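Only one structure is covered here, and it is reproduced in the block below.
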Amino acid sequence: MKQLILSLALLSFLSLRAGAEEGNTSFNQLLKHITTVSPEALAVPEPSIDKSLAQNADGRFWVTVKASDARARTRLLEAGMDIVEINGENSSGFAGPHTMDILSSKAFIVTNRMTIAEYAASQGKDFPAADSAYHNFKETTDLLKQMAAANSDIASLFSIGKTVEGRDIWCLRINSSAKGETPSSKPGSLYIGNHHAREHLSNEVPLLFAAWLFDHKNDADIKKYINTLDIYIIPMLNPDGAEFDIKTGSYQYHRKNMSTNSDKSRGVDLNRNYDSWWCEAGASTYPGSDTYCGPKAFSEPESQAVKRFIEARRNLKTHISYHTYASEILYPWGGSDADVPAKDKAIFEKVGAEMGKLTGYLSHKSSEMYIATGDSCDWAYASGGIFAFTFELDGRGFYPGAAIITSTVNKNIKAAVYLLSVTDNPYKAI
Ligand code: 0X9
Ligand code: ZN
């Protein structure tokens, strides 16, 4: 039975690839691939955790700690805890040995703790058959190249820089008049995925949004945006981390990039590495922790690449950075309880609420989730006045399976298109 399922998946995969080679992979083909593969084969990409994690070799635990408000959650981030779920007064997430030491002090109440293996088992996850529906780095690269080639009148592809391990950070540009890195004075919109390695769904959304835009390039509204705007899509900002997360065939729950730190631990949290109140509240100075802010602001090639990219494009007006998972839309400030100026606050609230209606996500100020400094959207707004939103996509875990891709992508296309509709002048939204 399993063999039959795998053959069907393989056939579907091969027919998709055949289409890709002819340069005609469309959004619908991509989704068809995702939805026609049997649910069992799609109970991927949950290569789950590997044997070393099953023995808890990296010493991390899944913990639940009392934290009554955003301030208390910020203290947990500073202890190095990686908060993944917030349920009323309880916050749950990952904690390494150093963080566990801090959490064992009287200042914290830990109500539950499990090894990573126990956590994975509690999620009802098993070793998966495959993870074919999600796009790894090579598949993402191939698809971006193929879409750019097939739509060369309006699209171009370039690398905004190299990662720690030397991979290209690809950027697809959609603009009817300017190609590559040629400046444009048209208002710009920027979509970035995969700051965090294990948040694979956050690559799929911007990647498939690009495919959808090409499929709909002759619709009146989309045509207008392509002719009048400067659209940039960087689906995979942290390909090193994303590849590390899947390369054994078993998920590693890896969040950060792949820098080697002073203590030989791996990774800086890219969403704590931007120069917005860098490494103040909600970030950890301990290299082994998941919220490690790095040795200095913009220490990492991936965040440096975004910095260079944004600073070179003062035409950018709107931005979404995709993450998982909470079904929420977050806007600045996330690094402070303070409000942005009233005029901009009204725009963030209105545009966030509209995108909330289209996705069903709850839109609110980022710091209400927790204060975390050094995040990309705070920096994009502070440095470029860009209306920058963090999307926490659907799911009840970092590895929600492939069946979630279609619905998540479809609702997020609506929000992303809405953002395009206000990019010419976000202040017109109210
Ligand atoms: O903590 C983060 O970087 C984001 N959540 S995630 O689970 N994807 O890691 C949320 C960032 C929101 N920003 C702030 N609260 N500052
Ligand atoms: Zn994230």
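If pairing requires two Cys Cβ atoms under 4.7 Å apart, which cysteines of the chain are left without a partner?
Flagged as lacking a Cys partner: C171, C377.
Tell me, how many Å apart are the Cα centres for region 141-181 and for region 187-205?
Measuring centre to centre over Cα atoms gives 15 Å.
Per the helix-only calculation at 222 nm, which mean residue ellipticity applies to the chain, given -39500 (n - 2.57) for every DSSP H run of n ≥ 4 and division by its residues, nearest 500 deg cm²/dmol? Provide the component values of the computation, followed by the final result.
Working: 14 runs with 162 residues, N = 430.
Mean residue ellipticity at 222 nm (helix-derived): -11500 deg cm²/dmol.
Can you list residues from other chains, or at least 5 along the same chain, whose modelled amide H is less than 5 Å from the amide H of T324?
Correct list: L393.
For region 300-430, what class follows from the C-alpha gyration tensor (a ≥ b ≥ c being the square roots of its eigenvalues): rounded when a/c is under 1.5, otherwise prolate if a/b is larger than b/c, else oblate? Could the numbers behind the result be given before it?
Working: a/c = 1.42, a/b = 1.25, b/c = 1.13.
It comes out rounded by the Cα gyration axes.
Please identify, among Y381, Y119, Y225, the residue showing maximal mean-square fluctuation in a Gaussian network model of the chain using a 10 angstrom Cα cutoff.
Y119
For H216, H135, what's the largest-to-smallest order of accessible area, 1.4 Å probe? Working shown, then result.
Values: H216 50, H135 20 Å².
From most accessible down to least: H216, H135.
Over all Cα pairs of the chain, how is the pair count split among 10 Å bins, expressed in % and running from 0 up to the last occupied bin?
Calculated P(r), rounded to whole percents: 5, 23, 34, 26, 11, 2, 0.
Kindly report, to the nearest 10 Å², the accessible surface of W62 as traced by a 1.4 Å probe over protein heavy atoms only.
10 Å²
Mind checking which helices in the chain clear 18 Å along their axis (Cα) and have mean Kyte-Doolittle hydropathy of -0.5 or more, DSSP H runs only?
Values: long enough: 2-21 (28 Å, 1.06); 137-150 (19 Å, -0.14); 201-215 (21 Å, 0.99); 342-359 (25 Å, -0.28); 403-423 (31 Å, 0.92).
Helices meeting the span and hydropathy rule in the chain are 2-21, 137-150, 201-215, 342-359, 403-423.
With +1 on each Lys and Arg Cβ and -1 on each Asp and Glu Cβ, how big is the dipole of the chain about its Cα centre, in debye rounded to the nearest 20? Numbers along the way, then the final one.
Details: 44 positive and 50 negative charges, 100 e Å.
Charge dipole of the chain: 480 debye, to the nearest 20.
Pop out the ³J(HN,Hα) list for region 178-191 in order, Karplus 6.51 cos²θ - 1.76 cosθ + 1.60 with θ = phi - 60°, rounded to Hz; leave Gly and Pro as x.
My calculation for region 178-191 gives 9, 10, x, 9, 4, x, 9, 9, 5, x, x, 10, 10, 10 Hz in order.
Short version: ³J(HN,Hα) in whole Hz for each residue of region 87-101, in order, from phi by Karplus 6.51 cos²θ - 1.76 cosθ + 1.60 (θ = phi - 60°), x for Gly and Pro, what are they?
10, x, 8, 10, 10, 10, x, 8, 9, x, x, 4, 5, 4, 4
Roughly how many Å is it from the Cα centre of region 281-297 to that of region 378-430, as a whole number?
26 Å
So which of K224/K414; K296/K365; K317/K350; K179/K414; K224/K411 end up more than 23 Å apart by C-alpha?
Pairs exceeding 23 Å: K296/K365; K179/K414.
The values are calculated or read from the model by the stated rules, or taken from the named source; none is laboratory data. Remember, it's a predicted structure, so these values are computed and weren't measured experimentally. With ideal geometry, Cβ positions are generated from the backbone for all residues, glycine too; neighbour counts draw on all protein chains shown. Just the protein is used for accessible areas: all its heavy atoms, side chains included, with ligands, DNA and RNA removed. Shrake-Rupley method; radii C 1.70, N 1.55, O 1.52, S 1.80 Å.
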